[in-house]
Structures are given as C-alpha cells and as structure tokens.
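A short write-up of the structure that comes next.
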Amino acid sequence: MARWTPKETAFMREALRLARQGWGLVSPNPMVGAVLVKKGKIIAKSWHTGPGQPHAEAAALAEAGSKAKGSELYLNLEPCNHQGRTGPCSEVIIQSGVSKVYYSVPDPNPIAAGGANRLEEAGIQVDRGLLADEAWDLNQFFFKYVIQKKPFVILKTAASLDGKIATRTGDSRWISSKASRNFSHHIRAGVDAVLIGRTTAAKDNPELSARPWGRRKMHNQPWRVVLDPLLKLPRDLKLFDPKLGGPTVVVSSFEADQKAKDNLRRQGHTVWEVPKAPSGLLSLSAVIDEIGKAGLQSVLIEPGATLASSALIEENVVDLIHMFMAPIFLGGSDSPSLLGGRGLDTLSLASEVDILKLGRMGPDIHLVLRPQGAFAAAPHQTVSPVIGYGSLNEDLDELYGHDFDQSQDQDR
Ligand SMILES: NC(=O)c1ccc[n+]([C@@H]2O[C@H](COP(=O)([O-])OP(=O)(O)OC[C@H]3O[C@@H](n4cnc5c(N)ncnc54)[C@H](OP(=O)(O)O)[C@@H]3O)[C@@H](O)[C@H]2O)c1
C-alpha cells in the first residue's frame, strides 16, 4: 500500500515539474519547486530561478500572503535552515502559518540542513520521502558536488549501428539526427562545463556553446574545456573567440611551453596544468578535480575515440552516458570506432554498464547508461539525472516552447 494518496503524489509531481524549469539556470543551487495547497486546491506555486533569487518556498508563500495560514506545502528538497544570499526558508515557513510540509529528500549540505527539525520544533507537521527517487534523480549534479566536491560527469556520443563515429574518409557531420543534436544542446544547456580532446577541437572546430532551440534563453554558457597537452591548437579556432563569452580553459601538461601558457593567459584564457596518467595522456581524474575546484558541479564530455577510451576504460570517471545510435551502417576496418585506445586484453576485464533507458530520439536509438562505480545519490536509484527521463517529450516541449516532434527532421 502506498503511503501517500494519489492527490498528495500529484501535488509533489507538480513541485518536481516546476523545479525542472530551473534546468541550466540555478547552478550552484539545486532545482526546487514549491506547491502550496489548501482544502485540496493549489493556492500558489513557484520554482527557484537562480542564485540570489528567492527560494521556491519563499516565493510561493509570498504569492499566497495571509492565505498560506493552515495550508500544506510540497517541496522536492528539505527547506534550508541557514542565512545565505537569502534568509532561512524554515523561518519563513514558520512565520507563514503553514500547518504541514511534505518534502522528498533531505538537504545533504551540512550548512543548509536541519530545516525539517526546526519546523517540527515549531509544531509544524513534516512528511518525508514522497517521490524521493525522482527528487534524488533531478538534482544529482548538486548532490554529488555537495557530498564529494566533484562534478557529475556525463559522456555523450553518437555512432552508427556498427559503432563508427566517422566514415573512412573522416566524414562525421552529422551521424545523429537533428532531434538527437537538439537533445545534446539541451544537455549542454544544463551543465557547467563541456570537455573535448585536442583532435576534435582541431578537426571539428566546435563552438561548444549551448544553443537550445525554441524560446529558452541561456543565462550562462558552460565553460569550454579542451585537453591540449603541448598547446598545439591554433588560436583562430572558434573556441578561442572572445565574443563567445565565458571562459575557455586549456588543459596542458607541465611540460608545455611556458611562453605559450603565458600567451594564452594574456589573451584572457585559463590554463590548467595537470599530471599525466599511466597511458601518457593527461590524467582525466586530475582534470575532473580541477573542474570541481573551479566550483563547477557538472561536466559534459563530448569525446573522440581517444578521449572516450580514457574516460570509460582507462580512468572510469563517467557517471552517466548518453549514446545516440543512428540507424545506419558505415563499415570500414579503418574508420574510427566509439572507443580507441589500447582496448582490453580479455573479456573478464570488461565491466557491465546498467541500461537506464533504451528508447528513441527522432529516428535514432537513445541509450542512457550508467557505468559501474558511477555516482548515485540514493543506493536504489535507477533513473537518469538529465530531466525528461519519464516523459521526455512533454518536458522538452514545456522547456523550449516548441513541439519537439517538429524538430525531428531526417537530415544528418
Ligand atoms: N561521433 C561523436 O560523438 C564524436 C564526438 C567528438 C568527436 N568525434 C570525432 O572524433 C575524432 C577525433 O577523435 P580522436 O580520438 O582522434 O581525438 P580526441 O579524443 O578528440 O582527442 C585526443 C587528443 O586529446 C589530447 N588528450 C590529452 N589528454 C587526453 C586524455 N586523457 N584522453 C584523451 N585525449 C587526451 C591528446 O592530444 P595530443 O595528441 O596533443 O597528445 C589526444 O591525442 C574527430 O574526427 C571527431 O569528428 C566524434
């Protein structure tokens, strides 16, 4: 028997839907939605729109004013109990006269935690755990960062059915459909950084900006991070265009030419120096640590074959994989595959990934995979942190104000 009624569940679902509006806008804060209910009807609702803006519960209570007295408040995250850029939400709730608070998951941040206990001390009824899985799921970037001080790592890749990322002549644009590419921009829009290898930067000359379609406007672009051990990349690449805004970080080895590092810094770019891994390539774990030290909670790796192999096989740093497989075969023993590197010696060394989703994205197959050892906020968790796992198209339509199906043209 479910502990919660269908109505209670529906109100919390609405809080989660509202929270998701904060995708790409709220970092380093979590996405939070609030629904205020009185006599079985919603009287106010809100969501957190970004750092320094009112918290969701404070905004909903302000909207309700004196009507909040005797109401029930639904939140996907425990209300905070500390004075940050805004005041403690626990006190705002107590002042408002709310009689009961439902929340899905506790706040793991030791500075902000304790809100629920404070409410109970003040005589407010507290109900914990409603739709907890979805709520853990939604804010995985935030939870991993708060718990481990490391960013959540997503790897996205596109291939043909035979696992090729380009033809034998190097033609790779575009393997995946427009719908898959749109979805990739949606992921970029939600992460704090995008990471690529030197060869992809040189060959594809990507901008690495998030260009989500439809009405959604980006407040901040993700940081662009490129691995260039010896600083060989030409400076006329789009990545280095100052008009893009936001930082470009070049990750180099300690051996790279000091003058080249100084020049990059003078041009306004950031240079990180990291040690090498046993493979002789830059240590990806060290790169991920640097990204965390910069205060970034999430990174999307868009790898070529070499970087994919480092990330998935040699260093195992990935928390979630989005893989798009186009319904085509490319063949060719010399055409590049998803993973390069040395490869494993025996099957016994291969570790299985969990398949979280096996679905379609336009004409493509869309796989969401979780490697062994990936971060999971809750031990039983089985779904993806990138929004829209359950009802993808409706979520995307709502965020982007566009019928997602109409963007699914067949050209590659
Ligand atoms: N289908 C897709 O989803 C997709 C996505 C991205 C790229 N691509 C394609 O992939 C091709 C490029 O792939 P690639 O394998 O040649 O190169 P890559 O993975 O883009 O870049 C590899 C280079 O990055 C540098 N690097 C430094 N540390 C590294 C580390 N820990 N792991 C990996 N690389 C590190 C090294 O540069 P140095 O050589 O200077 O040491 C290395 O040779 C392009 O044709 C591109 O179009 C396809």
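Annotations
- Prolate/oblate/rounded call for the stretch 6-138, Cα gyration tensor, a/c under 1.5 rounded: rounded
- Taking all protein chains together and rolling a 1.4 Å probe, TYR74 ends up with roughly 0 Å² accessible.
- Note: relative contact order over the stretch 6-138, using C-alpha pairs below 8 Å and six or more positions apart, is 21 percent.
- Residues whose amide H falls under 5 Å from that of SER298, counting only those 5 or more places apart or on a different chain, are PHE152, ASP192, ALA193, with hydrogens built in the peptide plane.
- The stretch 227-322 shape via C-alpha gyration tensor axes, a/c threshold 1.5: prolate
- Beta bridges by DSSP in the stretch 210-282, antiparallel share as percent, to the nearest 5: 10
- Each residue of the stretch 128-136 is assigned a 3J(HN,Hα), and the resulting list reads 10, x, 5, 6, 4, 4, 4, 6, 4 Hz, derived from the Karplus form 6.51 cos²θ - 1.76 cosθ + 1.60 (θ = phi - 60°), x at Gly and Pro.
- The chain - percent relative contact order, Cα under 8 Å, separation 6 or more: 17
- Principal semi-axes in Å for the chain [√(5λ), Cα gyration tensor, largest first]: 40, 24, 20
- The stretch 304-359, accessible surface, carbon-and-sulfur percent (1.4 angstrom probe): 56
- Between the C-alpha center of the stretch 30-105 and that of the stretch 305-363 there is a gap of 43 Å.
- Accessible area of the stretch 6-138 belonging to carbon and sulfur atoms, whole % at 1.4 Å probe: 52
- Prolate/oblate/rounded call for the stretch 156-251, Cα gyration tensor, a/c under 1.5 rounded: oblate
- Cβ crowding within 10 Å averaged over residues, with 334-347, 246-259, 31-44 ranked highest first: 31-44, 246-259, 334-347
- Rounded to the nearest 10 degrees, the angle from helix 284-293 to the longest Cα principal axis of the chain is 40 degrees.
- For the stretch 247-257, putting each phi into the Karplus relation 6.51 cos²θ - 1.76 cosθ + 1.60 with θ = phi - 60° gives couplings of x, 10, 10, 9, 9, 10, 8, 5, 7, 4, 4 Hz, in residue order, rounded to whole numbers and with x for Gly and Pro.
- Ligands, DNA and RNA are left out, and with a 1.4 angstrom probe the accessible area of the chain is 45 Å² per residue.
- Residues whose placed amide H lies under 5 Å from that of MET361, excluding near-sequence neighbours: HIS366
- For GLY197, residues with placed amide H under 5 Å, excluding near neighbours: LEU227, GLY304
- With Cα atoms, 0 to 90° folded angle of helix 178-190 axis to the chain main axis: 60
- Each residue of the stretch 56-64 is assigned a 3J(HN,Hα), and the resulting list reads 4, 5, 5, 5, 5, 5, 5, 5, 7 Hz, derived from the Karplus form 6.51 cos²θ - 1.76 cosθ + 1.60 (θ = phi - 60°), x at Gly and Pro.
- Which listed pairs, of LYS144/LYS259; LYS149/LYS259; LYS7/LYS45; LYS164/LYS261; LYS45/LYS357; LYS7/LYS100, have C-alpha distances above 26 Å, in listed order: LYS144/LYS259; LYS149/LYS259; LYS164/LYS261; LYS45/LYS357
The values are calculated or read from the model by the stated rules, or taken from the named source; none is laboratory data. Computed from a prediction, not measured in an experiment: that's the story for all the values here. Because the Cβ atoms are built from the backbone with ideal geometry, glycine has one as well, and the counts that use them run over all protein chains shown. Just the protein is used for accessible areas: all its heavy atoms, side chains included, with ligands, DNA and RNA removed. Shrake-Rupley method; radii C 1.70, N 1.55, O 1.52, S 1.80 Å.
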